[in-house]
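Here the structure is laid out as C-alpha coordinates; the discussion comes afterwards.
The values are calculated or read from the model by the stated rules, or taken from the named source; none is laboratory data. Since the model is a prediction, treat every value here as computed from it, not as a measurement. Virtual Cβ from ideal backbone geometry, glycine too; neighbours counted across all protein chains shown. Protein only, heavy atoms only, side chains kept; ligands, DNA and RNA dropped before computing areas. Shrake-Rupley method; radii C 1.70, N 1.55, O 1.52, S 1.80 Å.
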Amino acid sequence: MKESPIGIFDSGIGGTSIFKEIRTLLPYEHSIYLADSANAPYGIKSREAIIALSVKNTEFLLERDCKLIVVACNTATTNAIKTLRERYDVPFIGIEPAIKPAALNTATKAVGILATKGTLSSELFHQTTDLYSKDIAVIEQEGQGIVELIEAGETNSSAMEALLKEYLKPMIAANIDYLVLGCTHYPYLIPMLSQMLPSHVKIIDSGQAVAKQTKAVLEQRQLLNINNETPKQLFYSNGNVKVLDAILEHRYAVNYLNF
Ligand code: DGL
(Lines give C-alpha, C1' and ligand atoms only; values in the text may rest on other atoms or scores of the structure.)
Protein backbone atom coordinates (compact mmCIF):
# COMPACT_ATOMS: atom_id res chain seq x y z
CA MET A 1 0.00 0.00 0.00
CA LYS A 2 2.81 2.48 0.85
CA GLU A 3 4.13 2.17 -2.69
CA SER A 4 0.74 2.66 -4.29
CA PRO A 5 0.25 5.94 -6.15
CA ILE A 6 -1.52 9.08 -4.99
CA GLY A 7 -4.48 9.75 -7.29
CA ILE A 8 -5.19 13.32 -8.37
CA PHE A 9 -8.10 14.52 -10.48
CA ASP A 10 -9.44 17.75 -11.85
CA SER A 11 -11.95 18.81 -14.49
CA GLY A 12 -8.89 19.45 -16.63
CA ILE A 13 -5.31 20.66 -16.52
CA GLY A 14 -5.68 23.12 -13.60
CA GLY A 15 -5.01 20.49 -10.95
CA THR A 16 -1.45 20.24 -12.26
CA SER A 17 -0.82 23.35 -10.11
CA ILE A 18 -1.61 21.09 -7.14
CA PHE A 19 0.39 18.18 -8.55
CA LYS A 20 3.45 20.48 -8.68
CA GLU A 21 3.05 21.44 -5.00
CA ILE A 22 2.68 17.78 -4.02
CA ARG A 23 5.71 16.75 -6.06
CA THR A 24 7.79 19.43 -4.30
CA LEU A 25 6.74 18.35 -0.81
CA LEU A 26 6.55 14.59 -1.45
CA PRO A 27 9.21 13.89 -4.09
CA TYR A 28 9.14 10.10 -3.71
CA GLU A 29 5.43 9.48 -4.13
CA HIS A 30 4.13 7.77 -7.25
CA SER A 31 1.12 9.53 -8.70
CA ILE A 32 -1.61 9.25 -11.31
CA TYR A 33 -3.14 12.48 -12.59
CA LEU A 34 -6.48 12.44 -14.34
CA ALA A 35 -7.59 15.44 -16.43
CA ASP A 36 -11.26 15.13 -17.30
CA SER A 37 -10.85 17.85 -19.93
CA ALA A 38 -13.55 16.45 -22.21
CA ASN A 39 -16.04 17.43 -19.52
CA ALA A 40 -14.51 20.80 -18.54
CA PRO A 41 -15.67 23.18 -17.29
CA TYR A 42 -17.35 21.65 -14.26
CA GLY A 43 -18.15 25.09 -12.85
CA ILE A 44 -21.29 25.61 -14.91
CA LYS A 45 -22.70 22.10 -14.37
CA SER A 46 -25.32 21.08 -11.82
CA ARG A 47 -24.30 19.70 -8.43
CA GLU A 48 -25.61 16.26 -9.47
CA ALA A 49 -23.52 16.29 -12.66
CA ILE A 50 -20.39 17.34 -10.73
CA ILE A 51 -20.96 14.49 -8.25
CA ALA A 52 -21.43 11.95 -11.07
CA LEU A 53 -18.20 13.05 -12.79
CA SER A 54 -16.29 13.03 -9.50
CA VAL A 55 -17.49 9.47 -8.82
CA LYS A 56 -16.38 8.39 -12.30
CA ASN A 57 -12.93 9.98 -11.79
CA THR A 58 -12.57 8.39 -8.35
CA GLU A 59 -13.39 4.92 -9.71
CA PHE A 60 -10.82 5.36 -12.48
CA LEU A 61 -8.16 6.11 -9.86
CA LEU A 62 -9.26 3.37 -7.46
CA GLU A 63 -9.11 0.80 -10.28
CA ARG A 64 -5.45 1.79 -10.55
CA ASP A 65 -4.86 1.15 -6.85
CA CYS A 66 -4.52 4.68 -5.54
CA LYS A 67 -3.96 4.87 -1.78
CA LEU A 68 -5.28 8.44 -1.38
CA ILE A 69 -7.18 10.76 -3.69
CA VAL A 70 -6.61 14.47 -4.07
CA VAL A 71 -9.64 16.24 -5.46
CA ALA A 72 -7.56 18.96 -7.14
CA CYS A 73 -10.60 21.00 -8.10
CA ASN A 74 -12.46 23.51 -5.91
CA THR A 75 -15.69 22.92 -7.80
CA ALA A 76 -15.57 19.14 -7.31
CA THR A 77 -14.51 19.50 -3.67
CA THR A 78 -17.20 21.96 -2.68
CA ASN A 79 -19.93 19.96 -4.42
CA ALA A 80 -18.88 16.32 -4.22
CA ILE A 81 -16.30 15.51 -1.55
CA LYS A 82 -18.93 14.72 1.08
CA THR A 83 -20.49 12.08 -1.19
CA LEU A 84 -17.07 10.65 -2.11
CA ARG A 85 -16.10 10.31 1.56
CA GLU A 86 -19.38 8.58 2.35
CA ARG A 87 -19.02 6.18 -0.56
CA TYR A 88 -15.34 5.16 -0.49
CA ASP A 89 -12.93 4.12 2.27
CA VAL A 90 -9.83 5.72 0.78
CA PRO A 91 -8.78 9.10 2.28
CA PHE A 92 -9.73 12.18 0.22
CA ILE A 93 -7.96 15.54 0.31
CA GLY A 94 -9.95 18.44 -1.08
CA ILE A 95 -9.28 22.05 -1.98
CA GLU A 96 -11.34 25.06 -1.01
CA PRO A 97 -10.78 28.79 -1.55
CA ALA A 98 -8.42 30.26 1.08
CA ILE A 99 -10.98 32.72 2.47
CA LYS A 100 -9.86 32.24 6.07
CA PRO A 101 -6.26 33.56 5.81
CA ALA A 102 -7.41 36.42 3.59
CA ALA A 103 -10.20 37.40 5.99
CA LEU A 104 -7.93 37.19 9.04
CA ASN A 105 -5.15 39.28 7.52
CA THR A 106 -6.88 41.94 5.45
CA ALA A 107 -6.06 45.50 6.49
CA THR A 108 -8.45 47.19 4.05
CA LYS A 109 -11.31 44.92 5.23
CA ALA A 110 -12.02 43.92 1.65
CA VAL A 111 -11.01 40.70 -0.08
CA GLY A 112 -11.71 39.48 -3.58
CA ILE A 113 -12.50 35.92 -4.55
CA LEU A 114 -12.34 34.61 -8.08
CA ALA A 115 -13.89 31.16 -8.52
CA THR A 116 -16.32 29.18 -10.65
CA LYS A 117 -20.07 29.48 -10.41
CA GLY A 118 -20.20 25.93 -9.00
CA THR A 119 -17.86 26.84 -6.14
CA LEU A 120 -19.44 30.21 -5.35
CA SER A 121 -22.92 28.71 -5.19
CA SER A 122 -21.96 25.69 -3.06
CA GLU A 123 -23.09 25.22 0.51
CA LEU A 124 -19.54 24.54 1.71
CA PHE A 125 -18.30 27.85 0.28
CA HIS A 126 -21.15 29.76 1.92
CA GLN A 127 -20.50 28.14 5.28
CA THR A 128 -16.80 29.09 5.21
CA THR A 129 -17.45 32.61 3.96
CA ASP A 130 -20.16 33.27 6.55
CA LEU A 131 -17.85 32.09 9.29
CA TYR A 132 -14.93 34.37 8.43
CA SER A 133 -16.40 37.41 6.74
CA LYS A 134 -18.39 39.04 9.53
CA ASP A 135 -16.64 42.45 9.49
CA ILE A 136 -15.25 42.45 6.00
CA ALA A 137 -16.46 42.84 2.45
CA VAL A 138 -16.04 39.78 0.24
CA ILE A 139 -16.21 40.65 -3.44
CA GLU A 140 -17.18 37.44 -5.20
CA GLN A 141 -16.53 37.14 -8.91
CA GLU A 142 -17.34 34.23 -11.17
CA GLY A 143 -14.47 33.55 -13.55
CA GLN A 144 -16.72 32.89 -16.51
CA GLY A 145 -14.76 31.71 -19.55
CA ILE A 146 -11.37 31.49 -17.83
CA VAL A 147 -11.20 27.68 -17.54
CA GLU A 148 -12.17 27.31 -21.21
CA LEU A 149 -9.31 29.59 -22.30
CA ILE A 150 -6.74 27.79 -20.12
CA GLU A 151 -7.94 24.42 -21.43
CA ALA A 152 -7.38 25.79 -24.93
CA GLY A 153 -3.80 26.70 -24.00
CA GLU A 154 -4.57 30.44 -23.86
CA THR A 155 -3.21 31.34 -20.46
CA ASN A 156 -1.54 34.46 -21.74
CA SER A 157 -3.78 35.69 -24.54
CA SER A 158 -5.38 39.09 -25.09
CA ALA A 159 -8.79 37.43 -24.62
CA MET A 160 -7.67 36.36 -21.14
CA GLU A 161 -6.38 39.84 -20.38
CA ALA A 162 -9.73 41.36 -21.35
CA LEU A 163 -11.67 38.94 -19.11
CA LEU A 164 -9.42 39.49 -16.11
CA LYS A 165 -9.57 43.26 -16.52
CA GLU A 166 -13.34 43.13 -16.31
CA TYR A 167 -13.36 40.74 -13.33
CA LEU A 168 -10.81 42.73 -11.32
CA LYS A 169 -12.51 46.10 -11.80
CA PRO A 170 -15.05 45.83 -8.92
CA MET A 171 -12.38 44.36 -6.66
CA ILE A 172 -9.96 47.20 -7.29
CA ALA A 173 -12.80 49.69 -6.80
CA ALA A 174 -13.54 48.07 -3.40
CA ASN A 175 -9.86 48.45 -2.42
CA ILE A 176 -9.16 44.75 -1.80
CA ASP A 177 -5.77 43.83 -0.41
CA TYR A 178 -6.16 40.06 -0.91
CA LEU A 179 -7.25 38.19 -4.01
CA VAL A 180 -8.19 34.57 -3.31
CA LEU A 181 -7.86 32.23 -6.27
CA GLY A 182 -10.65 29.70 -5.83
CA CYS A 183 -9.96 27.45 -8.80
CA THR A 184 -6.90 25.29 -9.44
CA HIS A 185 -6.61 26.57 -13.00
CA TYR A 186 -6.05 30.14 -11.80
CA PRO A 187 -2.51 29.94 -10.33
CA TYR A 188 -1.35 29.88 -13.96
CA LEU A 189 -2.70 33.43 -14.25
CA ILE A 190 -0.60 34.85 -11.39
CA PRO A 191 1.96 36.55 -13.70
CA MET A 192 -0.83 38.38 -15.57
CA LEU A 193 -2.86 39.13 -12.43
CA SER A 194 0.16 40.60 -10.63
CA GLN A 195 0.67 43.04 -13.46
CA MET A 196 -2.95 44.12 -13.42
CA LEU A 197 -3.46 44.50 -9.67
CA PRO A 198 -2.19 47.35 -7.46
CA SER A 199 1.10 46.30 -5.89
CA HIS A 200 -0.27 46.03 -2.34
CA VAL A 201 -2.71 43.25 -3.32
CA LYS A 202 -1.56 39.78 -2.29
CA ILE A 203 -2.68 36.82 -4.37
CA ILE A 204 -3.27 33.61 -2.46
CA ASP A 205 -4.33 30.08 -3.32
CA SER A 206 -4.58 26.82 -1.41
CA GLY A 207 -2.04 24.72 -3.33
CA GLN A 208 0.64 24.50 -0.63
CA ALA A 209 -1.95 23.83 2.08
CA VAL A 210 -3.27 20.89 0.06
CA ALA A 211 0.22 19.43 -0.34
CA LYS A 212 0.85 19.80 3.44
CA GLN A 213 -2.46 18.16 4.25
CA THR A 214 -1.69 15.30 1.83
CA LYS A 215 1.61 14.71 3.59
CA ALA A 216 0.00 14.88 7.05
CA VAL A 217 -2.68 12.33 6.15
CA LEU A 218 -0.16 9.94 4.57
CA GLU A 219 1.93 10.19 7.76
CA GLN A 220 -1.03 9.66 10.07
CA ARG A 221 -2.14 6.58 8.14
CA GLN A 222 1.43 5.31 7.75
CA LEU A 223 1.08 5.43 3.99
CA LEU A 224 4.17 7.48 3.10
CA ASN A 225 6.34 5.82 0.49
CA ILE A 226 9.64 5.17 2.24
CA ASN A 227 11.33 3.95 -0.90
CA ASN A 228 13.50 6.85 -2.13
CA GLU A 229 13.56 5.96 -5.79
CA THR A 230 12.52 8.13 -8.71
CA PRO A 231 8.74 7.85 -8.68
CA LYS A 232 6.45 7.00 -11.57
CA GLN A 233 4.18 9.92 -12.42
CA LEU A 234 1.45 9.10 -14.89
CA PHE A 235 -0.85 11.57 -16.63
CA TYR A 236 -4.10 10.79 -18.40
CA SER A 237 -6.35 13.15 -20.30
CA ASN A 238 -9.49 12.64 -22.35
CA GLY A 239 -8.97 16.05 -23.97
CA ASN A 240 -6.13 17.89 -25.67
CA VAL A 241 -2.98 16.08 -24.60
CA LYS A 242 -0.72 18.76 -26.09
CA VAL A 243 -2.07 21.44 -23.75
CA LEU A 244 -1.54 19.19 -20.72
CA ASP A 245 1.97 18.37 -21.91
CA ALA A 246 2.78 22.08 -22.32
CA ILE A 247 1.53 23.05 -18.85
CA LEU A 248 3.77 20.27 -17.45
CA GLU A 249 6.70 21.79 -19.38
CA HIS A 250 7.08 18.55 -21.38
CA ARG A 251 8.58 16.79 -18.37
CA TYR A 252 6.27 13.75 -18.21
CA ALA A 253 4.68 11.21 -20.47
CA VAL A 254 1.10 12.26 -21.07
CA ASN A 255 -1.44 9.70 -22.28
CA TYR A 256 -4.69 10.19 -24.12
CA LEU A 257 -7.41 7.92 -22.84
CA ASN A 258 -11.07 7.89 -23.77
CA PHE A 259 -12.76 7.56 -20.38
N1 DGL B 1 -9.98 23.48 -11.58
C2 DGL B 1 -11.40 23.56 -11.33
C3 DGL B 1 -11.63 24.23 -9.98
O4 DGL B 1 -10.72 24.26 -9.16
C5 DGL B 1 -12.06 24.18 -12.50
C6 DGL B 1 -13.53 23.98 -12.50
C7 DGL B 1 -14.18 23.96 -13.83
O8 DGL B 1 -13.89 23.05 -14.61
O9 DGL B 1 -15.02 24.83 -14.06
O10 DGL B 1 -12.69 24.70 -9.66
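Given a Förster radius of 35 Å and the C-beta distance between THR108 and GLU229 as r, what FRET efficiency does 1/(1 + (r/R0)^6) yield to the nearest 0.05?
Efficiency at R0 = 35 Å is approximately 0.10.
How much length, in nm to one decimal, is gained on full extension between SER158 and ASN255, taken as 0.36 nm per residue of separation minus their Cα-Cα distance?
31.9 nm is the gain from fully extending SER158 to ASN255.
Obtain the nm distance between the two label points defined at GLU63 and GLN195 by a simple spin-label model: each point lies 7 Å from its Cα along the Cα-to-C-beta direction.
4.3 nm
Where both partners of a DSSP beta bridge lie in the chain, what percent of those bridges are antiparallel, to the nearest 5?
Approximately 0 percent, going by the DSSP bridge assignments.
Under the classification rounded if a/c is under 1.5, otherwise prolate if a/b is larger than b/c and oblate if not, where does region 77-187 fall, given a ≥ b ≥ c as square roots of the Cα gyration tensor eigenvalues?
oblate
I need the peptides 10-23, 82-95, 188-201 ranked by packing, meaning the mean over residues of other C-beta atoms within 10 angstrom, with the highest value on top.
Packing proxy ranking, top to bottom: 10-23, 82-95, 188-201.
I need the semi-axes of the equivalent ellipsoid of region 143-231: take the C-alpha gyration tensor, multiply each eigenvalue by 5, square-root it, list largest first in whole angstrom.
Three semi-axes, in Å: 33, 17, 10.
Send over a whole-number figure in Å² for the accessible area per residue of the chain, probe 1.4 Å.
45 Å²
In sequence order, what are the phi-derived ³J(HN,Hα) couplings for region 113-125 according to the Karplus relation 6.51 cos²θ - 1.76 cosθ + 1.60 with θ = phi - 60°, rounded to whole Hz, with x for glycine and proline?
Each residue's phi maps through the Karplus curve to give 9, 10, 7, 7, 4, x, 6, 5, 9, 7, 5, 4, 5 Hz.
Cα centroids of region 238-257 and region 73-100: how far apart, whole angstrom?
25 Å
Using label points projected 7 Å from each Cα along Cα→Cβ, tell me how many nm separate LYS117 and LYS2, to one decimal.
With each label point 7 Å from Cα toward Cβ, the separation is 4.8 nm.
In whole percent, how big is the carbon plus sulfur part of the accessible area of the chain, probe 1.4 Å, protein atoms only?
Summing carbon and sulfur atoms, their accessible area is 49 percent of the total for the chain.
Express in nm, to one decimal, how much length is gained between THR24 and LEU131 on full extension, taking 0.36 nm for each residue of separation and deducting their alpha carbon distance.
Between THR24 and LEU131, full extension yields an extra 35.4 nm.
State, to one decimal in nm, how far the label point of VAL90 lies from the label point of ALA173, with both points 7 Å from Cα in the Cβ direction.
4.6 nm
Could you work out Rg/(2.2 N^0.38 Å) for the chain, with Rg from alpha carbons only?
Relative to the 2.2 N^0.38 Å estimate, the chain comes out at 0.97.
How far is helix 16-25 tilted, in degrees, relative to the longest principal axis of the Cα atoms in the chain, given as a value from 0 to 90 rounded to the nearest 10?
It works out to around 70 degrees.
Treat every Asp and Glu Cβ in region 42-121 as -1 and every Lys and Arg Cβ as +1, leave all other atoms uncharged, and give the resulting dipole magnitude about the Cα centre to the nearest 20 debye.
Charge dipole of region 42-121: 280 debye, to the nearest 20.
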